[in-house]
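What follows is a short report on a single structure.
The values are calculated or read from the model by the stated rules, or taken from the named source; none is laboratory data. The structure presented is a predicted model; accordingly, all values stated were derived computationally and were not measured. Positions of Cβ are generated from backbone atoms using ideal geometry, with glycine treated the same way; all protein chains shown enter the neighbour counts. Side chains included, ligands, DNA and RNA excluded: accessible areas come from the protein's heavy atoms. Shrake-Rupley method; radii C 1.70, N 1.55, O 1.52, S 1.80 Å.
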Amino acid sequence: MALSFIHRFEKGAEPNARPLLLLHGTGGDENDLIPLGRMIAPAVSLLSPRGKVLENGMPRFFRRFAEGRFDEDDVRARAQELADFIEQAQIHYGIAPPIALGYSNGANIAAALLLLHPQTLAGAILLRATLPLSQTPPVDLTGAPVLIASGARDPMMSPEGAARLAARLQQDGAIVEHRTLPAGHELSQADVTLAQAWLRTHAPPAPK
């Protein structure tokens, strides 16, 4: 079965644990977040697709018109495409609905998945995210755990944009923890420590 995204899949030592879906930032690929995923959750399976959009040769998960100005029609189309891939991968690899671990552009497509296809993810860790869509219909995210980690000095994804995302997810029933770290757009050890602790207490168990 040929899956619809170039990707990496690494089976974890605890194959029944909830897997992580790794979603890279602009210019990354399917290899980019594997080390981060292993640091945060050493024993779980990892599914890491490569974004299909190229911006000046750099992979992304959706198009943008300019910095901070997203092509919302493309966000919706790409979120559908990614949701379909995740469904295919669940069958192909025999895994449960994953928890997304997304950074920057990857965090924003994960947020779009939550807002448009709420059944696709079991939760999400959104590192340097903002609200990717100006309007979305209500969906049922009751009890879905979401961690948003912003950088206080981030010039690209402001804590205010992340706060709007948190509010939208909470409106739909998600249990959101939004933390602002003393960092910029780059990731830090504080992100790793925060994500590790959050996963230990908030990750839903995989279905039997």
If ASP74 satisfies all but one of (1) closer than 30 Å to THR201 by Cβ; (2) without any contact (Cβ under 8 Å) to a residue 24 or more places away in the chain; (3) open to solvent by less than 50 Å² (accessible area, probe 1.4 Å), what's the number of the condition it fails? (1)
Six or more apart or on different chains, Cβ under 9 Å: which pairs go from a residue in region 116-140 that's closer than 25 Å to ALA17 by Cβ and at pLDDT 95 or above to one that's among the basic types (Lys, Arg) and open to solvent by 20 Å² or more (accessible area, probe 1.4 Å)? Could you list them? ALA122/ARG18; GLY123/ARG18
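For region 41-71, enumerate the residues that are assigned to a loop (DSSP other than H, G, I, E, B), surrounded by 14 or more Cβ atoms within 10 Å (Cβ to Cβ) and of a type in the set (Gly, Ala, Ser).
ALA41, SER45, GLY51
How many residues does region 152-208 contain that are among the aliphatic types (A, V, I, L, M), in contact with a His (Cβ under 7 Å, 6 or more places away or on another chain) and open to solvent by less than 40 Å² (accessible area, probe 1.4 Å)?
Count: 3.
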GLU87 open to solvent by 10 Å² or more (accessible area, probe 1.4 Å), in a helix (DSSP H, G or I), within 21 Å of GLY25 (Cα to Cα) and among the acidic types (Asp, Glu): no
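For (1) under 18 Å from ILE109 (Cβ atoms); (2) at pLDDT below 95, each residue gets a yes or a no:
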{"residue": "GLU160", "(1), (2)": "no, yes"}
{"residue": "LEU169", "(1), (2)": "yes, no"}
{"residue": "ALA174", "(1), (2)": "yes, no"}
{"residue": "ARG179", "(1), (2)": "no, no"}
{"residue": "GLN196", "(1), (2)": "no, no"}
{"residue": "ARG200", "(1), (2)": "no, yes"}
{"residue": "ALA203", "(1), (2)": "no, yes"}
{"residue": "PRO207", "(1), (2)": "no, yes"}
